[in-house]
2 protein chains.
Amino acid sequence: MIDTDIELLKGIANQLRIHSINATTAAGSGHPTSCLSAADVMAALFFGHMRYDAKNPHYYNNDRFILSKGHAAPILYAAWAEAGLFPIEDLLKLRKYGSDLEGHPTPRLPFVDVATGSLGQGLSVGAGMALAARLDKLDYNTYVLLGDGEIAEGSEWEAASLAGIYKLNNLIAVVDANRLGQSQATAFGHDIGVYAKRFDAFGWRVESIDGHDIEEIAEVLSGVGLDDKPLVIIAKTYKGAGVSFLQDQESWHGKPLNKDEAARAIAELQPTTRPAAGAAIPAPNQLPAPNNAAPAGYPPVSYKPGDSVATREAFGNALVRIGEVDERVVALDGDTKNSTYSEKFMKKFPARFTECFIAEQNMVSVAVGFGARAKVPFVSTFACFFTRAYDQIRVAGISQSNLKLAGSHAGISIGEDGPSQMGLEDLAMMRAIAGSTVLYPADAVSAEKLVEQMALVKGICYLRTSRPKTPVIYKNDESFPIGGAKMLRQGAGDKATVVAAGVTLYEALKAADALKNEGIGITVIDAYSIKPLAKDIIRTAAQKTNNTVITVEDHYAEGGLGDAVAGELSAAGIKIHKLAVMSLPRSGKVEELLEHFGIDAAAIVKKIKSLG
Amino acid sequence: MIDTDIELLKGIANQLRIHSINATTAAGSGHPTSCLSAADVMAALFFGHMRYDAKNPHYYNNDRFILSKGHAAPILYAAWAEAGLFPIEDLLKLRKYGSDLEGHPTPRLPFVDVATGSLGQGLSVGAGMALAARLDKLDYNTYVLLGDGEIAEGSEWEAASLAGIYKLNNLIAVVDANRLGQSQATAFGHDIGVYAKRFDAFGWRVESIDGHDIEEIAEVLSGVGLDDKPLVIIAKTYKGAGVSFLQDQESWHGKPLNKDEAARAIAELQPTTRPAAGAAIPAPNQLPAPNNAAPAGYPPVSYKPGDSVATREAFGNALVRIGEVDERVVALDGDTKNSTYSEKFMKKFPARFTECFIAEQNMVSVAVGFGARAKVPFVSTFACFFTRAYDQIRVAGISQSNLKLAGSHAGISIGEDGPSQMGLEDLAMMRAIAGSTVLYPADAVSAEKLVEQMALVKGICYLRTSRPKTPVIYKNDESFPIGGAKMLRQGAGDKATVVAAGVTLYEALKAADALKNEGIGITVIDAYSIKPLAKDIIRTAAQKTNNTVITVEDHYAEGGLGDAVAGELSAAGIKIHKLAVMSLPRSGKVEELLEHFGIDAAAIVKKIKSLG
């Protein structure tokens, strides 16, 4: 890079600093000092190195940039404003109600692929994007700016390990090692050799630099891609860099400057430069666009009545079936693929499968990265192990990611393995994700059809599957729309409506048969769509059965099917009685456990009779 | 160690192998090959090295052992049976309903401190125990047996980093590097140098050994504590070791042998030895017992009416106040202590405070470790960041841990920082933990009193606190029992009962005042105890207000206060109308957000009027 460019970048870095200070001062909150440490790196990346079309942030071969240290949002906004995407004046709307320039970045902004702000997730998303680029034969790079505080998060090391294993040399991490966390210095301060040693041990090429020396930054960036390893640049920086009374000072985290302080700071930030319009930003290469079109439809399902197939296996079958015609579909698993049956997909489409090993947090965020590159990622593991990645799923909700989760081995119906392997809080967890869809099929046909729906609808979908084999009860051509339910038993004079899903549906059907012999009728509904719930269907049915509903679920009593039905229908005067797992489970045979925890046919019969 | 001891240990290792095979064959499920790889290490630890009273597994100065790879439970059970704690015959009850020898270890067994089985948590718990030993001036060591597959989990590296930072040389990890995961080989197979390099980079002393060479194992164990670093022993092993047709073979994960295979395997396992009764196990040193008695009471709370104090700050005040008289209380934070106010405790009791840096998974499990050593650990961070540790909290539920979580900055009432920092699913998440208590105070007095309750009750308690200051509304001598609620407004002819908590309680009170001016009365209840819910109080109130309840909460509509009330009361014919955050939040001023998301006084008034 020639000398004039270096001088230009130095000026741009100061300009970005000034924007960051002005915006946070105008907002009255925010993290200006966390922006200042990153300014030189940001200037070098955005105005001399990264290849992107600044007018079209979504262009498929643009280099990607993820601000993992999301609290430095103002400098990201400043960079895109200076790149010409929106007016500089808008920066002063930071954190204001109605502005998309929020306190931490969200994809309401076209140049933000994923929300950040919950630390330690960006590198995983970046790894997903790097894998997507490889799959799509595109040559964009993915850059992730990390804080030094956040690399204490284990998810960073899950991501680092995976990127090392898969030799993602199109992934570049920059650690803005400014020494200071929120409440005190980081554990290692400016001993950046610790980070270098760690990334090296995790299979990365490491470059350690002075993060305020533009020349050094530019030089190390010029070496991107010259190796078969991912590259991490450890940039030793100072929080508040460039302003004498902020630089390297404690107690300035997350504090805006008042107007006087801002004026004093800005006076110190010299020289400043604005980027030259257009020419300064290298354009991406022209390469064929990937085929990410949704297919017109999927091949048919074919089970026979009387087949007995676990819904988890149907999930695996469905993945293969839809994968045949839908190139967007990719799958990820965390060393459970022989239990979740995602192995079927791996065997058929090895290039579209990513083994993520036992690291669920990273796996979910890698999938978010695939989703942000127009893939339809299906992530599978045991239902209980998605709890490991709840923060990642929560943030995917904020990102409005296109993310498909399939949790197998739900509930006590796994039997002997015991409580640590039983997903009993997954419905509660997944319902409480903004905009989520939560599905829980009972048989193979419905499981397959719901996988189709998951692929076709945009957003976060969760499929809950079971370990035991269950009989096929639906016809191959039945449809299972999201938000629907199936009425399986209904008669005049029914005493109550039993709402079940998954394994408990069969218990409800058994209860109906048993009660029928005693002359008692009950309505039975398969609530395969937990969220959105088919509330009209259930309410209408309940109103014909003394406004009485019994929910029965292989899940804790809190936040699952029972609470969903009660929360939706109690306002209409429907009385909901919940049968659920009410205490800590243990090992045993499936039937023993269903009986002990009161969610089997006998418990339903008993409850119905107790209604008087 | 003398030669005869080595021969004895070799025989014991085979005996443990045989028990593991017999138990899993009898159960018809389980993970025998994962036991066999660990047998030599287990024999050396339990019958030659660890110091413990085998008749009294809870003895306070016993060495601790955590089987992080919980699926190898049968060999743990075998070791304790051989140590004489319970009859050998009981081993054949493995995984049977009614037996405490479950598929994965739980603290139903006296020699199990914490449940394991969700991989990657044991090292964190071990770090907590090692810190507790240091605090209590006890010289027991904590041993953690890890699988190689599980160290892909980021939580392991969070734990490794913390143990390195705090130089926990009383913590010893053994990696049973048997090369094979569940569905395929691990990423690094037998290239154990990778693990050595990583632990070294994380500040550990590393010893790499042949995990089937008893002499080598014994020798390296004899060096425990000879350094100021934690020690990791990387043991190269073979899955199924000792049995020709199992050893190092794929597709044997989680599969029991049939009877013929078991007989053939056992015939190969020679020689075998049973440990000599008593003498073989070194006794722990006699040291003064720590004072872990609960205090008779706590000093009084003192706020003035009219004070305005954030509940998060009251939490910090309470920690100091109860910490003065309750030596069991320790605190942990993840670099948010200046926001959660746990900093107050740190300043007063630095030795009882652990800064865990930005690594919430590890932080929670470290606290579980403290709890397992009779401490009362309070863990604080933003409410939203506990989602990061949901699996750890879930497993703490299975462990029935004594764990106190305080999540600050709940809900949209944090304002400008935006959705990534807003805890909006924490009530759903925490309610769905087996046996949990979920508390949500509105003012400083109730917050302080609830912290007292948390310290006094055993189990997992969650305190939800808010960012904004709120007026003190309760008297200093009021009591706030768990499971209670406060009736703040009630009159004859009230139109509905409004159930609120935290910041929305003030909105409900404002709404009551506004409606009163229009001649409409409403009952207002502070549901500070979300779980257990004061259902009798709410039901009785509701029955006086047309069976109508309105819940209003700064939480998503799923799984929170509204669902809790509906789930508990709809069966009694109470109609519950929910006001909650129904869509994805954004940055803005608190009042703007409360209004936009329909949980302010105006929304309550509107809802009341709409009831007709």
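The values are calculated or read from the model by the stated rules, or taken from the named source; none is laboratory data. All values derive from a computational prediction rather than experimental measurement. Heads up, the Cβs are rebuilt from the backbone with ideal geometry, glycines too, and the neighbour counts pull from every protein chain shown. Surface areas here come from the heavy atoms of the whole protein model, side chains and all, with no ligands, DNA or RNA. Shrake-Rupley method; radii C 1.70, N 1.55, O 1.52, S 1.80 Å.
Structure notes:
- Checked against the criterion of being within 18 Å of B:ILE574 (Cα to Cα), at pLDDT 95 or above and more than 10 Å from chain B (Cβ to nearest Cβ), region A:544-562 contains one or more residues that satisfy it.
- Residues in region B:336-362 that are part of a helix (DSSP H, G or I) and of a type in the set (S, T, N, Q) were compared, and the one that is surrounded by the most Cβ atoms within 10 Å (Cβ to Cβ) is B:ASN362.
- Scanning region B:102-124 for residues that are more than 8 Å from chain A (Cβ to nearest Cβ) and either assigned to a loop (DSSP other than H, G, I, E, B) or open to solvent by 10 Å² or more (accessible area, probe 1.4 Å) (or both) yields B:PRO105, B:PRO107, B:LEU109, B:PRO110, B:PHE111, B:VAL112, B:ASP113, B:VAL114, B:GLN121.
- In region A:67-86, the condition of being within 14 Å of another protein chain (Cβ to nearest Cβ), part of a helix (DSSP H, G or I) and aromatic (Phe, Trp, Tyr) is met by at least one residue.
- Listed by position, the helices (runs of 4 or more DSSP H) contained in region B:501-612 that have at least 2 residues being over 31 Å from the mean Cα position of the chain (by Cα) and more than 27 Å from B:TYR474 (Cβ to Cβ) are B:590-596, B:601-610.
- Some residue of region A:522-530 being open to solvent by 50 Å² or more (accessible area, probe 1.4 Å), touching a Lys or Arg at 6+ places or on another chain (Cβ under 9 Å) and farther than 25 Å from A:PHE386 by Cβ: no
- Among the residues listed as B:SER365, B:SER413, the single one being in a helix (DSSP H, G or I), closer than 19 Å to B:HIS555 by Cα and either within 8 Å of chain A (Cβ to nearest Cβ) or in contact (Cβ under 8 Å) with a residue 40 or more places away in the chain (or both): B:SER413
- Annotation: B:SER99 fulfils all but one of (1) at the interface with chain A (Cβ under 8 Å from one of its Cβ atoms); (2) among the hydroxyl-bearing types (Ser, Thr, Tyr); (3) open to solvent by less than 10 Å² (accessible area, probe 1.4 Å); the unmet one is (3).
So that you can scan it fast, the table gives a plain yes or no per residue for (1) out of contact with any Gly (no Cβ under 7 Å at 6 or more places or on another chain); (2) open to solvent by less than 20 Å² (accessible area, probe 1.4 Å); (3) without any contact (Cβ under 8 Å) to a residue 60 or more places away in the chain; (4) under 20 Å from A:LYS197 (Cα atoms):
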site	(1), (2), (3), (4)
B:GLY189	yes, yes, yes, no
B:ILE192	yes, no, yes, yes
B:PHE199	yes, yes, yes, yes
B:PHE202	no, yes, yes, yes
B:VAL206	yes, no, yes, yes
B:ILE209	yes, yes, yes, no
B:LEU226	yes, no, yes, no
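- Residue within region A:232-254 that is farther than 28 Å from B:THR354 by Cβ, open to solvent by 40 Å² or more (accessible area, probe 1.4 Å) and assigned to a helix (DSSP H, G or I) present: no
- Among (1) over 30 Å from A:GLY418 (Cβ atoms); (2) modelled with pLDDT of 95 or more, the one test that B:ALA235 misses: (1)
- Hits in region A:416-457 - residues which are open to solvent by less than 10 Å² (accessible area, probe 1.4 Å) and assigned to a loop (DSSP other than H, G, I, E, B): A:GLY418, A:MET422, A:LEU424, A:GLU425, A:ALA432, A:ILE433, A:SER436, A:TYR440, A:PRO441, A:ALA442, A:ASP443
- Where A:TYR140 falls short, out of the listed (1) more than 10 Å from chain B (Cβ to nearest Cβ); (2) open to solvent by 10 Å² or more (accessible area, probe 1.4 Å); (3) over 29 Å from B:ILE165 (Cβ atoms): (2)
- Answer residue from region B:157-171, given it is closer than 25 Å to B:TYR238 by Cα and more than 7 Å from chain A (Cβ to nearest Cβ) and is surrounded by the fewest Cβ atoms within 10 Å (Cβ to Cβ) among those: B:ALA160
- Scanning region A:302-335 for residues that are open to solvent by 10 Å² or more (accessible area, probe 1.4 Å) and polar (S, T, N, Q) yields A:SER302, A:SER308, A:ASN317.
- Filtered residues of region A:157-188 (kept if assigned to a strand (DSSP E or B) and touching a strand residue (DSSP E or B) at 6+ places or on another chain (Cβ under 6 Å)): A:LEU171, A:ILE172, A:ALA173, A:VAL174, A:VAL175, A:ASP176, A:ALA177
- Hits in region B:395-410 - residues which are more than 9 Å from every other protein chain (Cβ to nearest Cβ) and of a type in the set (A, V, I, L, M): B:ALA396, B:LEU403, B:LEU405, B:ALA406, B:ALA410
- Qualifying residue in region B:271-292 (condition: in a loop (DSSP other than H, G, I, E, B), open to solvent by less than 40 Å² (accessible area, probe 1.4 Å) and under 24 Å from B:PHE353 (Cα atoms)): yes
- For region A:87-96, filtered to residues that are within 12 Å of another protein chain (Cβ to nearest Cβ) and assigned to a loop (DSSP other than H, G, I, E, B), the residue that is most open to solvent (accessible area, probe 1.4 Å) is A:LYS96.
- Residue within region B:126-136 that is within 14 Å of chain A (Cβ to nearest Cβ), in a helix (DSSP H, G or I) and not β-branched (Val, Ile, Thr) present: yes
- Among the conditions (1) surrounded by fewer than 24 Cβ atoms within 10 Å (Cβ to Cβ); (2) within 14 Å of another protein chain (Cβ to nearest Cβ); (3) assigned to a helix (DSSP H, G or I), the only one that A:ALA389 does not satisfy is (1).
- Residue in region A:4-20 that is under 27 Å from A:ASP136 (Cβ atoms) and away from every other protein chain (no Cβ under 12 Å) present: no
- Residue match in region A:83-97 (condition: of a type in the set (A, V, I, L, M) and without any contact (Cβ under 8 Å) to a residue 60 or more places away in the chain): yes
- Being open to solvent by less than 10 Å² (accessible area, probe 1.4 Å), in a strand (DSSP E or B) and not polar (S, T, N, Q) is a condition met by no residue of region B:479-495.
- Taken together, the residues in region A:546-596 that are surrounded by fewer than 24 Cβ atoms within 10 Å (Cβ to Cβ), more than 20 Å from B:ARG431 (Cα to Cα) and either in contact (Cβ under 8 Å) with a residue 24 or more places away in the chain or of a type in the set (Ser, Thr, Tyr) (or both) amount to 9.
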